[in-house]
Amino acid sequence: MRKILTPSLSLLLLAGCNNAAPNPDEATAPFEEVATGLETPWSINKIGDEFYISERPGTVAYINADGDLMRQEVNFSDSISGAAEAGFLGFVLKQDFEESQEAYGYYVYERDGQDYNKIVTLLLEDGQWQENEVLLEGIPTGNVHHGGRLELDSDGTLFATIGDASTPDLAQDLGSVNGKILRLNASNEFEIYSHGHRNPQGIAWDNDTMYASEHGQSANDEINIIEEGNNYGWPIIEGTESEEGMESPFYTTGSNETWAPSGIATHNDSLYVAALGGTAIKVMDLDNAEVTDSIEGFGRVRDVYSDGDSLYFITNNTDGRGSPADNDDKLYKLNE
């Protein structure tokens with residue numbers, strides 16, 4: 001495996017306490033800083049040269065074509081939860097966003113002393129987002145394992161990942177949405193697409209093949225090929241284990257390595273995996289499930305996004321588990 005540690009960041013690490021950002025104007029720089037000062041960002045969206053990024057405190061970081069960041073308020077109908085890993089998570093613009101100004105959002109909220117997950121539509125009006133329609137609410141959640149990823153397939157169909165709410169048996173319970181990947185159907189109702197998941201946090205497609213990332217219990221993180229109706233085994237199997245009627249992963253980190261994978265994206269025939277615990281972007285060959293690159297030196301990475309031409313990613317060093325440098329968190333463009 002080829003490990004990439006950017007030359008500029010290598011110098012930073014050798015310098016120890018020097019937190020100055022690498023110079024994105026260097027001709028040899030393998031990346032560019034697009035924006036800094038993000039507040040625990042979670043999900044990247046891009047329209048033209050503009051970005052809309054959800055932030056866990058409950059805002060959208062809007063970045064214009066000049067790289068200027070403006071924070072847009074989101075008016076939720078319930079109070080954002082302050083639990084670990086909670087807040088405004090999944091966020092994806094509708095395919096007709098430029099006309100409709102609508103998006104889907106996923107957030108963890110608090111009501112009567114309890115935390116729940118909710119999936120809604122959001123409308124951008126006068127620089128602020130309004131919760132417009134509730135698609136699914138009252139989803140049980142624990143202190144962690146919220147899931148939270150929202151993605152659209154090529155037809156504009158919405159998919160959502162739901163964690164097991166720290167109650168593993170729910171992942172095998174088809175009467176519960178926890179530990180599932182859901183699909184929004186033509187009747188505007190969610191249906192179970194796959195089950196047996198622990199804490200899936202990433203979805204991407206390569207042509208018609210759907211991939212999902214999943215946090216293992218203790219290492220054993222997974223990348224799965226998702227097919228409708230299949231059972232991915234949690235909590236009965238994980239990692240390299242197998243059981244009749246259950247799917248083994250396309251790739252697992254095994255019992256000795258932890259990635260804590262979050263957002264994923266396909267780009268140039270490879271799968272790019274944002275790794276929080278692994279503090280890297282892991283690059284996988286989709287033909288043989290081999291990890292070919294490990295792009296390191298940025299700290300915790302929450303999401304990756306491909307617009308077909310370039311790859312972008314966000315750090316998550318301000319999420320309480322990282323070691324933020326000056327001006328963290330940041331949006332980067334990877335120059336290949």
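So which residues in the stretch 151-167 are free of Cβ contacts under 8 Å to residues at least 60 places away in the same chain, within 20 Å of Trp42 (Cα to Cα) and outside any strand (DSSP E or B), if there are any at all?
Asp153, Gly163, Ala165
From the set of residues in the stretch 89-121 that are aromatic (Phe, Trp, Tyr) and closer than 21 Å to Ile162 by Cβ, which is nearest to the chain's Cα centre (by Cα)? Spell out the reasoning first.
Our first condition is that a residue be aromatic (Phe, Trp, Tyr); within the stretch 89-121, this holds for 91, 97, 104, 106-107, 109, 116.
Narrowing the set further to residues that are closer than 21 Å to Ile162 by Cβ leaves 91, 104, 106-107, 109, 116.
Values: Phe91: 9, Tyr104: 14, Tyr106: 12, Tyr107: 13, Tyr109: 18, Tyr116: 19 Å.
Here the answer is Phe91.
Pick from the stretch 32-51 the residues that are closer than 16 Å to Glu98 by Cα and outside any loop (DSSP other than H, G, I, E, B): which of them is most open to solvent (accessible area, probe 1.4 Å)?
Going through the stretch 32-51, the residues closer than 16 Å to Glu98 by Cα turn out to be 45-51.
Applying the additional criterion that residues be outside any loop (DSSP other than H, G, I, E, B) yields 45-47, 50-51.
Values: Asn45: 12, Lys46: 34, Ile47: 42, Glu50: 60, Phe51: 8 Å².
Within the stretch 32-51, the match that is most open to solvent (accessible area, probe 1.4 Å) is Glu50.
Does Gly148 satisfy the criteria of being in contact (Cβ under 8 Å) with a residue 24 or more places away in the chain and crowded, with 24+ Cβ neighbours inside 10 Å?
Numbers: in contact (Cβ under 8 Å) with a residue 24 or more places away in the chain: yes; crowded, with 24+ Cβ neighbours inside 10 Å: yes.
Answer is yes for this residue.
Kindly indicate which of Arg321, Arg300 is at pLDDT 95 or above and not β-branched (Val, Ile, Thr).
Values: Arg321 fails: at pLDDT 95 or above.
The conditions single out Arg300.
Within the stretch 203-214, which residues are buried (at least 24 other Cβ atoms within 10 Å of the Cβ) and of a type outside the set (A, V, I, L, M, F, W, C)?
Answer for the stretch 203-214, where residues must be buried (at least 24 other Cβ atoms within 10 Å of the Cβ) and of a type outside the set (A, V, I, L, M, F, W, C): Ser213, Glu214.
With the condition kept exactly as written, say whether any residue in the stretch 218-235 is open to solvent by 10 Å² or more (accessible area, probe 1.4 Å), at pLDDT below 95 and assigned to a loop (DSSP other than H, G, I, E, B).
yes
Considering the stretch 169-202 alone, what residues qualify as being part of a helix (DSSP H, G or I) and either among the hydroxyl-bearing types (Ser, Thr, Tyr) or open to solvent by 50 Å² or more (accessible area, probe 1.4 Å) (or both)? Show your work before the answer.
Looking only at the stretch 169-202, we keep the residues that are part of a helix (DSSP H, G or I), and these are 169-172.
The answer is Asp169, Gln172.
The values are calculated or read from the model by the stated rules, or taken from the named source; none is laboratory data. Bear in mind that the values here come from a model prediction, so they are computed numbers and not experimental data. Cβ coordinates were reconstructed from backbone atoms using ideal geometry, including for glycine residues, and neighbour counts include every protein chain displayed. Please note that ligands, DNA and RNA were not included when accessible areas were found on the heavy atoms of the full protein model with its side chains. Shrake-Rupley method; radii C 1.70, N 1.55, O 1.52, S 1.80 Å.
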